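Structure, as structure tokens:
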């Protein structure tokens, strides 16, 4: 799998910044002194499990600076988690609406609420009041910002100081839309400045990751993926069953998964829930309105899906563009997430990845004749058992196993 590509001027950059700026950035970068070229990586494995678990891109990047991250990846202010987001699935786009999303995030047990640019209309007092209310729900806030406004050291200092001062823990920074050296340098400056103020970051409208999150563990995710925000996709099931073995090999991605409305296209509810298990993003931002998650029959299981994992196994039934079958562990709890492509099928999945003892299993299956519904079963299983799983075209399956 080759993870590089040519460097055209992106259409979004041309639209947002203008043709003159795009032409300027299309020129080769001027560099004084020694030139250090980046690693170019080709990943080869005997099976898909080997590729998905390959950490070479991370390992080729420098470790974090101990002066900024004295505890490395375990730095106490860096906290992965799940987030609600008022954007794809309705909700009032005003102060009270954002406050309601924090309340619903608390009901879900989610850690974060990502707030788009509306926060820039508020006073600092309003920001602090929303932070205080959200904290009472055990929810922390992230604020969105256009990268164009953060190109100077003073602008970065002002922004991250403000977030730290009012108690906001993360920044979603958007619209980079280019891979010129000047823009890549902006990423690095933002990561350093945010870390100095103990602010986590997500990059949107961004290029793919290249191991930056090892050096800067405050980078929790970045977009660089055609996710649910792209609503015109026709064959989403084919796309979704390709991504775990292509784009996600480069690192985390903000797909904003899980939607129960028309954006899911031909995929079923079970398929959508499975994306939260199969896709990797330490900041896992859900696309669905939090009330719709709470009302879903599988809400109990969704609420328990973590955003980071201790172990990942790609099961042998997986096939690029057709079927993604993942078993993932957090502590003693296992999850299985399966996304099916365009052909309905029945598969048998061995539970040999489980350890000894009996597990309580919660199974979420497709309803054969209704993609916008699920069937839930509870049973007792062990590592000696296997599951027969029937999925519709574009369907899926999810399971949770507890000792």
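Answer yes or no as to whether residue 276 is closer than 18 Å to residue 81 by Cα and either at pLDDT 95 or above or buried (at least 20 other Cβ atoms within 10 Å of the Cβ) (or both). Taking the combined requirement at face value, the residue satisfies it. Inspect the range 21-37 for any residue being part of a loop (DSSP other than H, G, I, E, B), modelled with pLDDT of 95 or more and loosely packed, with under 13 Cβ neighbours inside 10 Å and give the result as yes or no. No, the conditions are met nowhere in the range 21-37.
Please determine whether any residue of the range 130-137 is modelled with pLDDT of 95 or more, under 29 Å from residue 326 (Cα atoms) and either assigned by TED's automatic domain parsing to the domain that holds residue 206 or touching a strand residue (DSSP E or B) at 6+ places or on another chain (Cβ under 9 Å) (or both). Taking every residue of the range 130-137 in turn, none turns out to be modelled with pLDDT of 95 or more, under 29 Å from residue 326 (Cα atoms) and either assigned by TED's automatic domain parsing to the domain that holds residue 206 or touching a strand residue (DSSP E or B) at 6+ places or on another chain (Cβ under 9 Å) (or both). Taking the range 260-289, which residues are touching a residue at least 40 places away in the same chain (Cβ under 8 Å) and part of a loop (DSSP other than H, G, I, E, B)? Within the range 260-289, 260, 261, 265, 266, 267, 268, 281, 282, 286, 287, 288, 289 qualify.
Among what's in the range 236-251 and is in contact with a helix residue (DSSP H, G or I) (Cβ under 7 Å, 6 or more places away or on another chain) and in a loop (DSSP other than H, G, I, E, B), pick the residue that is surrounded by the fewest Cβ atoms within 10 Å (Cβ to Cβ). Ranking the qualifying residues of the range 236-251, first place goes to 250. Restricting attention to the range 290-316, the residues that are crowded, with 17+ Cβ neighbours inside 10 Å, more than 16 Å from the chain's Cα centre (by Cα) and not in a helix (DSSP H, G or I) add up to 5.
Could you tell me which of the residues 347, 338 is in contact with a strand residue (DSSP E or B) (Cβ under 8 Å, 6 or more places away or on another chain), closer than 21 Å to residue 52 by Cβ, crowded, with 19+ Cβ neighbours inside 10 Å and touching a residue at least 40 places away in the same chain (Cβ under 8 Å)?
Result: 338 is the single residue among 347, 338 that is in contact with a strand residue (DSSP E or B) (Cβ under 8 Å, 6 or more places away or on another chain), closer than 21 Å to residue 52 by Cβ, crowded, with 19+ Cβ neighbours inside 10 Å and touching a residue at least 40 places away in the same chain (Cβ under 8 Å).
Screening the range 366-403 for residues that are in contact with a helix residue (DSSP H, G or I) (Cβ under 8 Å, 6 or more places away or on another chain) and closer than 21 Å to residue 312 by Cα and picking the one that is surrounded by the most Cβ atoms within 10 Å (Cβ to Cβ) gives 396. When each of 68, 57 is tested for being touching a helix residue (DSSP H, G or I) at 6+ places or on another chain (Cβ under 9 Å), on the phi < 0 side of the Ramachandran plot and assigned to a helix (DSSP H, G or I), the lone residue that passes is 57. Taking first residues from the range 177-190 that are on the phi < 0 side of the Ramachandran plot and partners that are in a helix (DSSP H, G or I), the Cβ contacts under 6 Å between residues at least 6 apart in sequence or on separate chains come to 178/13; 178/25; 180/25. Hey, could you check the range 224-235 for residues that are over 14 Å from the mean Cα position of the chain (by Cα) and without any contact (Cβ under 8 Å) to a residue 24 or more places away in the chain and say which is surrounded by the most Cβ atoms within 10 Å (Cβ to Cβ)? Among those residues, the one meeting the criterion is 230. Do you know which residues across the range 72-117 are at pLDDT below 95 and either part of a loop (DSSP other than H, G, I, E, B) or surrounded by fewer than 13 Cβ atoms within 10 Å (Cβ to Cβ) (or both)? The answer is 73, 74.
The residue that is modelled with the lowest pLDDT, counting only those in the range 1-20 that are assigned to a helix (DSSP H, G or I) and touching a helix residue (DSSP H, G or I) at 6+ places or on another chain (Cβ under 6 Å), is 14.
The values are calculated or read from the model by the stated rules, or taken from the named source; none is laboratory data. These numbers come from a predicted model, not from an experiment. Virtual Cβ from ideal backbone geometry, glycine too; neighbours counted across all protein chains shown.
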